[in-house]
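J.: This is the structure, below, for whatever I ask next.
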Amino acid sequence: MPGRQVEAVTGGWAAAGDLVINLGPGHPSGHGMLRLRLTMDGGLITAAEPVIGFVHRGAEKLFEVRDYRQIIVLANRHDWLGAFASELGVVLAAERLAGIEVPPRAVWARTLLAELNRVLSHLAFLSSYPPEIAAAAGAATGPGPEQAAAAAFAGRELIQRVMEEISGGRMHYMFNRVGGLKEDPPAGWLGRVHAAAAEVRAALPVIGAVVRQHDGFRAATRDVGRVTSEQVLQYGVSGPAARASGVGFDLRRDEPYLAYGEIAGLLRVVTRAEGDCLARFECLLDQVSVSLELVDACASRLAALPAGPASARLPKVFRVPEGHAYAWTENPAGLNGYYLVSRGGKTPWRLKLRTASFSNVQVLSEVLPGSRVADLPAILGSMFFVVGDMDR
């Protein structure tokens with residue numbers, strides 16, 4: 001019916017609106033709610049408005065009444081798939097403003113853990129959307145989606161084990177500290193990191209078989225949900241979603257932080273030109289291979305470093321000098337920015353977040369018109385956002 005209003009909500013059925021579409025519990029943002037106000041003309045979407053804010057995080061105001069250790073627990077819950085990377089930006093901003101020099105062992109360990117966290121986040125998307133889209137596409141030549149999903153889940157578990165061993169947490173690591181890390185890696189941990197990376201690398205052909213070979217998946221994602229390079233720049237889309245549209249910006253290469261400048265030769269920035277759902281999933285899959293190479297390089301370098309502290313020594317009551325600083329990081333979903341303003345106290349006067357998920361979701365108002373409702377899972381899943389991270 002022309003002009004009919006349809007509301008699509010992820011995370012469960014609701015009574016509001018003429019029609020509610022449940023995208024299923026496998027969505028990585030199933031812990032929160034995204035509302036899409038869609039205008040339909042027959043089976044086509046003619047207009048789309050993302051409606052956010054249902055999670056009510058309020059993190060930026062909470063930062064103002066927490067000290068620099070307590071903030072970390074809030075930051076790593078903002079993007080729960082990239083928890084280590086989220087807490088990293090907070091401590092980098094505080095260290096820059098305070099002029100703290102982080103010990104080399106902590107710098108390399110942070111780089112290693114950031115790449116492990118990137119693999120974890122990417123595998124979460126690869127284990128859910130491609131197998132589900134392939135299964136919905138029906139029988140087709142190519143590998144079965146069940147095997148791909150199982151391999152991706154198994155790979156995540158391998159990485160989770162080494163992350164849990166060093167930090168004590170499976171999702172919310174709380175391992176960063178202003179000045180470095182909570183502690184040095186345990187004995188034998190680096191060897192287990194190498195082993196886990198090797199197993200995940202060996203499983204990548206199975207994990208990626210649906211994306212690369214499954215006819216049904218490729219037909220359901222090719223030429224669907226195109227994002228142009230102009231739209232990427234207009235809306236601030238970043239990460240694999242931007243690089244799939246030919247915008248080859250990667251902060252790790254273009255403005256190195258941590259130890260990325262010293263392993264630049266291994267840092268291949270994966271891009272595509274098509275800008276569709278298929279290109280975005282291909283970028284994500286190729287990025288896993290690159291991150292595993294960086295994991296091995298960081299683990300080898302960390303093993304070769306002499307013994308030393310894992311963190312700079314700080315006073316028991318830590319205060320950041322008055323001033324302001326900006327730090328940004330290449331998180332799994334894209335660019336996260338942290339603007340810190342201090343008045344010399346033990347809590348920030350202001351800490352503003354620029355999250356990748358927020359910008360990646362805003363472009364949906366440009367991408368969804370002209371698409372079918374059946375294309376929603378592929379489009380939403382390939383924009384790589386987490387509801388908690390997009391919430392304002």
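J.: Out of 253, 243, 268, 280, I need the residue that is touching a Cys at 6+ places or on another chain (Cβ under 7 Å) and not hydroxyl-bearing (Ser, Thr, Tyr). Which one?
T.: Selected residue: 243, the only one of 253, 243, 268, 280 that is touching a Cys at 6+ places or on another chain (Cβ under 7 Å) and not hydroxyl-bearing (Ser, Thr, Tyr).
J.: Here's a follow-up. Are any of the residues in the range 312-325 under 14 Å from the mean Cα position of the chain (by Cα) and of a type outside the set (Val, Ile, Thr)?
T.: Residues of the range 312-325 under 14 Å from the mean Cα position of the chain (by Cα): none.
For the range 312-325, residues under 14 Å from the mean Cα position of the chain (by Cα) and of a type outside the set (Val, Ile, Thr): absent.
J.: In the range 185-208, which residues are small (Gly, Ala, Ser), surrounded by fewer than 22 Cβ atoms within 10 Å (Cβ to Cβ) and touching a helix residue (DSSP H, G or I) at 6+ places or on another chain (Cβ under 9 Å)? Explain how you work it out, then say what you get.
T.: Restricting attention to the range 185-208, the residues satisfying the condition of being small (Gly, Ala, Ser) are 187-188, 191, 195-198, 202-203, 208.
After this cut, where a residue has to be surrounded by fewer than 22 Cβ atoms within 10 Å (Cβ to Cβ) as well, the list is 187-188, 191, 195, 198, 202-203.
Result: 191, 195, 198, 203.
J.: Kindly provide the set of residues from the range 40-79 that are outside any loop (DSSP other than H, G, I, E, B), acidic (Asp, Glu) and either modelled with pLDDT under 90 or open to solvent by 50 Å² or more (accessible area, probe 1.4 Å) (or both), ordered by number.
T.: Across the range 40-79, the qualifying residues are 41, 49.
J.: Looking only at the range 270-290, which residues are crowded, with 22+ Cβ neighbours inside 10 Å, basic (Lys, Arg) and not in a helix (DSSP H, G or I)?
T.: Within the range 270-290, none qualify.
J.: Only residues that are surrounded by 22 or more Cβ atoms within 10 Å (Cβ to Cβ) and out of contact with any strand residue (DSSP E or B) (no Cβ under 9 Å at 6 or more places or on another chain): list them for the range 174-184, please.
T.: Scanning the range 174-184 gives a single hit, 176.
J.: Only one residue in 195, 203, 299, 264 is free of Cβ contacts under 8 Å to residues at least 24 places away in the same chain and closer than 17 Å to residue 159 by Cα, so which one is that?
T.: Details: 203 fails: free of Cβ contacts under 8 Å to residues at least 24 places away in the same chain; 299 fails: free of Cβ contacts under 8 Å to residues at least 24 places away in the same chain; 264 fails: closer than 17 Å to residue 159 by Cα.
Within the list 195, 203, 299, 264, the selection yields 195.
J.: Only residues that are in a helix (DSSP H, G or I) and either in contact with a Lys or Arg (Cβ under 8 Å, 6 or more places away or on another chain) or surrounded by fewer than 16 Cβ atoms within 10 Å (Cβ to Cβ) (or both): list them for the range 294-311, please. Spell out the reasoning first.
T.: First, pick out the residues of the range 294-311 that are in a helix (DSSP H, G or I): 294-304.
300, 302, 303, 304, listed by residue number.
J.: Does the range 83-100 include one or more residues that are under 26 Å from residue 296 (Cα atoms) and either open to solvent by 30 Å² or more (accessible area, probe 1.4 Å) or more than 23 Å from the chain's Cα centre (by Cα) (or both)?
T.: For the range 83-100, residues under 26 Å from residue 296 (Cα atoms) and either open to solvent by 30 Å² or more (accessible area, probe 1.4 Å) or more than 23 Å from the chain's Cα centre (by Cα) (or both): absent.
J.: Which of (1) touching a helix residue (DSSP H, G or I) at 6+ places or on another chain (Cβ under 6 Å); (2) of a type in the set (A, V, I, L, M, F, W, C); (3) open to solvent by 30 Å² or more (accessible area, probe 1.4 Å) is the odd one out, the single condition residue 232 does not satisfy?
T.: Only one criterion in (1) touching a helix residue (DSSP H, G or I) at 6+ places or on another chain (Cβ under 6 Å); (2) of a type in the set (A, V, I, L, M, F, W, C); (3) open to solvent by 30 Å² or more (accessible area, probe 1.4 Å) is unmet by residue 232, namely (3).
J.: Given the criterion within 30 Å of residue 307 (Cα to Cα) and either acidic (Asp, Glu) or free of Cβ contacts under 8 Å to residues at least 40 places away in the same chain (or both), identify the matching residue among 250, 254, 215, 184.
T.: Working: 250 fails: within 30 Å of residue 307 (Cα to Cα); 254 fails: within 30 Å of residue 307 (Cα to Cα); 215 fails: within 30 Å of residue 307 (Cα to Cα).
Result of the check over 250, 254, 215, 184: 184.
J.: Give 359, 365 a once-over and let me know the one that is open to solvent by 10 Å² or more (accessible area, probe 1.4 Å), under 17 Å from the mean Cα position of the chain (by Cα) and small (Gly, Ala, Ser).
T.: Values: 365 fails: under 17 Å from the mean Cα position of the chain (by Cα).
Exactly one residue qualifies, and that residue is 359.
J.: Among the residues of the range 172-195, which ones are closer than 12 Å to residue 109 by Cβ and hydrophobic (A, V, I, L, M, F, W, C)?
T.: 175, 181, 189, 190, 193
J.: Among the candidates 332, 321, 315, single out the residue that is in contact (Cβ under 8 Å) with a residue 40 or more places away in the chain and surrounded by fewer than 18 Cβ atoms within 10 Å (Cβ to Cβ). Walk me through how you get there before you give the answer.
T.: Details: 332 fails: surrounded by fewer than 18 Cβ atoms within 10 Å (Cβ to Cβ); 315 fails: in contact (Cβ under 8 Å) with a residue 40 or more places away in the chain.
From the options 332, 321, 315, the qualifying one is 321.
J.: Considering only residues that are out of contact with any Pro (no Cβ under 9 Å at 6 or more places or on another chain) and among the charged types (D, E, K, R), which ones fall in the range 143-161?
T.: Hits for the range 143-161 are 156, 157, 161.
J.: How about the range 80-102: which of its residues are of a type in the set (Gly, Ala, Ser), farther than 17 Å from residue 70 by Cα and at pLDDT 95 or above?
T.: Once the filter is applied, which keeps residues that are of a type in the set (Gly, Ala, Ser), farther than 17 Å from residue 70 by Cα and at pLDDT 95 or above, the range 80-102 yields 98, 99.
The values are calculated or read from the model by the stated rules, or taken from the named source; none is laboratory data. What you see is a predicted model, and the numbers here were worked out from it, not measured in a lab. Reconstructed Cβ throughout: ideal geometry from the backbone, glycine too, with neighbour counts over all protein chains shown. The accessibility values were calculated without ligands, DNA or RNA, using every heavy atom of the protein model including side chains. Shrake-Rupley method; radii C 1.70, N 1.55, O 1.52, S 1.80 Å.
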